[in-house]
Amino acid sequence: MNRKPSDSTWTPQQSADVYGIDHWGNDYFGLSDQGLVTAKTLTTQVPLMDIVQGMTERDLQMPVLLRIENILDAQIYRLNNAFRDAIKKLDYQATYRGVYPIKVNQQAQVVEEIADFGKRFKHGLEVGSKPEMIAALSTLTEPGSLIICNGYKDQEFVELGLQAVKLGFLCFFVIETPAELPIIIERSKQLNIEPLIGVRVKMTSKVSGHWNSTSGDRSVFGLSTSQLIQLVDRLKEADMLHCLQLLHCHLGSQIPNIREIRGGVVEACRYYADLCGEGAALSYIDFGGGLAVDYTGAQSNDSQSRNYNLEEYCTDIVDTLKNTLDEYDIKHPTIVTESGRATVAYSSILIFNILDVTKFEPIELPKIGDDEHQLLQDMREVLACLTLQKAQECYNDAHFYRDEIRELFKRGQVDLRTRSAAENLFLEILQQINKNLELMEHIPVDLEGLKESLADIYYGNFSLFQSLPDIWAIDQLFPIMPIHRLDEEPKRNAIIADITCDCDGKIDKFIGQQDVSSTLPLHELKDGEEYYVGVFLVGAYQETLGDLHNLFGDTNVVSVRLNDDSSFDFVKEIHGDTIADVLSYVEYEPKEMALRYRNTAERAVKEGRITARERQHMLKTYNASMHGYTYFERDE
Ligand SMILES: *Cc1c(COP(=O)(O)O)cnc(C)c1O
């Protein structure tokens, strides 16, 4: 390990290396000379701390989910542009049309921004349920935009879709199960509207990564080849084979390996060619989602990374498609993808403040007393003769003496003060050993976990279950770093705990410089100064999967737009759930509750426990709390 220089020479670049921001930031985040994290566009950059300052002035308390609209726009632009470039470069004879799958982030502000900015590319929407369909129909405005309907579709869903066709949208029903076809045939004949039909095939190309165990034969989605043949025959019978215009093949989400994507495209082409041979009028090929986000910045085929960039993704799809279909002499179809994660991940950042820190250091080393217990003297001895070579031995001895003291305490043979002195000495010995470990070439097995076991616990003002559910559910890694003070060396090693009372409410896996690390370097807190930590790339999937554990509700949300002169506008803000909100989600009636509390207080007045004035004060506190934020609030 490198010796770190002292504080005065610490540079933001060193912080950039520690936290890897240049690797995962996708050119959207950087560090200023003042040691502040900035959000960047091609023409401007703004310190996140300036935005936090603006939030404070607007009484938007931490935690806050910050959305940067320019980044969302930029991702849509980059995606469409990269496909356009690849199509031009490879002389592909058709176009690209993107759709955004609403399930990845259904928040109205996000979907509306995508629809609005996406207009210029006729960027469409993918829906998987009636509510999403309803949202899409009222959000898209450009005729000719795609609406891709996946999921199970009942009569009503089908009717909505057929009406959308009448309104000028290219609304495709993607058949996922054989049972859907009769409904579509019946409804379209009834309403006299020709449906646009797609078919989802079960891909046998298996892909790796967290989210993709359902690809292959056992996939719950899509038709098997025999079901596919049946579908073609039924459409022929109904004289509707010309309606089958789209082939859908979603390989999975967060596909880390570009070779697997190529493999999937080749397989899809085989289906495409043979369905054309069967007489289907295919003209769209939809590769679904899967474009990965490099959360770790490692550029590897690890499940939280990806071994390709956007340009390669597009080039590989277009190239493979062209070469494969040209062999069969088939006209090039419009390429559709349903990138969700990659579209929205970058634009949201969770920002929270640190409320407190627990350190595993002696609070105070005991002064040597006259009649000090022999075991304490033994521990002092260990401390005195600690060397690099004797680290393991000292470690064992420290444990032995401390455990002895604990045993004696249990039996009433030493007092609380003696035990406390022993615990302090014990921590001092372990801290000293830990310092030595950095100098060791081979760390003894017993001491491997020492750094983690001595790591500070930083308590963050957020709920993991509400705001970062995938960390809890599937060990997802997100880039996490302080958003200021990056011109100072982060000298503490920490894990982060949230404010739910759940032992799972903690983060102890971080993106390290080489590998996953169990601790995160953070700065010592300063008295009277907030310390802000950001969790980055959280725009995909986190918001709706979150739950109300301990009744911590939705956080405040702020959308900003960065301007070219480094200023920024607060374009939207949503105050998070109040306590009344979350209580009513679980069927409490806040009005009735207030009434009951009032009755309890009134009785106390009557029975002489409090005065009427005190009652009034209590009711005020209760009501203010009921209509306040669910998170830890700082007094003004
Ligand atoms: C979830 C899903 C997507 C989005 O996938 P990402 O990997 O997030 O881009 C796209 N299409 C379908 C059918 C999906 O189920």
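Modelled label positions at Y77 and T177, each set 7 Å beyond Cα in the direction of Cβ, lie 4.3 nm from each other.
E112 contributes about 100 Å² of solvent-accessible surface, heavy atoms of the protein only, 1.4 Å probe.
Once the 1.4 Å probe is applied to the protein heavy atoms, the range 213-327 comes out at 39 Å² accessible per residue.
Principal-axis analysis of the Cα atoms of the chain puts helix 310-327 at an angle of about 30° to the longest axis. Between R270 and D371, the distance separating the two model label sites (each 7 Å from Cα on the Cα→Cβ line) works out to 8.8 nm.
Here the range 338-410 is assigned +1 on the Cβ of each Lys and Arg and -1 on the Cβ of each Asp and Glu. Its dipole about the Cα centre then comes out at about 420 debye.
Computed over neighbours whose Cβ is under 13 Å from that of A455, the net charge equals +2, Lys and Arg +1, Asp and Glu -1.
Counting only protein chain heavy atoms and rolling a 1.4 Å probe, the accessible areas of M49, M203 rank, largest first, as M49, M203. For F568, the solvent-accessible surface computed with a 1.4 Å probe is close to 50 Å², ligands and nucleic acids excluded. Summarising the amide proton neighbourhood of L223: residues at separation of 5 or more, or on other chains, whose placed amide H is nearer than 5 Å comprise R200, V201, K202.
Structure note, pairs K359/K435; K206/K331; K359/K451; K122/K153; K89/K331: Cα-Cα distances above 20 angstrom occur for K206/K331; K122/K153.
With the full set of protein chains in place, find how many percent of the accessible area of the chain is carbon and sulfur; take the probe as 1.4 Å.
Exposed carbon and sulfur together represent 49 percent of the surface.
Counting only alpha carbon atoms, the long axis of helix 374-384 and the longest principal axis of the chain meet at about 60°. Against the chain, whose longest principal axis comes from its Cα atoms, helix 180-191 is set at around 60 degrees.
Bridging of K606 to aspartates and glutamates at a Cα separation below 19 Å is possible for E614, once same-chain residues fewer than 8 apart are set aside. Residues S138, S559, ordered by accessible area of protein heavy atoms at a 1.4 angstrom probe radius and largest first, appear as S138, S559. The heavy atoms of M593 present about 30 square angstrom of accessible area, all protein chains included, probe 1.4 Å. Stretched out straight at 0.36 nm per residue, the stretch from T95 to K410 would grow longer than its current Cα-Cα span by 105.7 nm. Taking 0.36 nm per residue of separation and subtracting the Cα-Cα distance, full extension of the segment from H442 to I229 would add 70.4 nm. Annotation: for a label point projected 7 angstrom from Cα along Cα→Cβ of D33, residues of the range 463-493 with backbone N closer than 20 Å are 484-489. Computed with a 1.4 Å probe over protein heavy atoms only, the accessible surface of the range 374-451 comes to 59 Å² per residue. Measuring r between the beta carbons of T44 and D475 and using R0 = 41 Å, the FRET efficiency lands at 0.70. Electrostatic tally near Q34: other residues with Cβ closer than 14 Å to its Cβ, Lys and Arg +1, Asp and Glu -1, net -3. Of E448, E278, the order by accessible heavy-atom surface (1.4 Å probe, DNA, RNA and ligands excluded), from most exposed downward, is E448, E278. Putting +1 on Lys and Arg Cβ atoms and -1 on Asp and Glu Cβ atoms, find which of G128, A115, A94 reaches farthest to the positive end of the dipole of the range 92-339. Checked the options; the winner is G128.
Once the Cα-Cα distance is subtracted from the 0.36 nm per residue extended length, the K572 to A612 segment shows a gain of 10.1 nm. Using the Cβ of L310 as centre and a radius below 13 Å, the other residues enclosed give a net charge of -2, where K and R count +1 and D and E count -1.
Modelled label positions at A281 and R84, each set 7 Å beyond Cα in the direction of Cβ, lie 2.9 nm from each other.
The values are calculated or read from the model by the stated rules, or taken from the named source; none is laboratory data. What you see is a predicted model, and the numbers here were worked out from it, not measured in a lab. Glycine gets a Cβ as well: all are built from the backbone with ideal geometry, and neighbour counts include every protein chain shown. Surface accessibility is based on the protein's heavy atoms, side chains included, excluding ligands, DNA and RNA. Shrake-Rupley method; radii C 1.70, N 1.55, O 1.52, S 1.80 Å.
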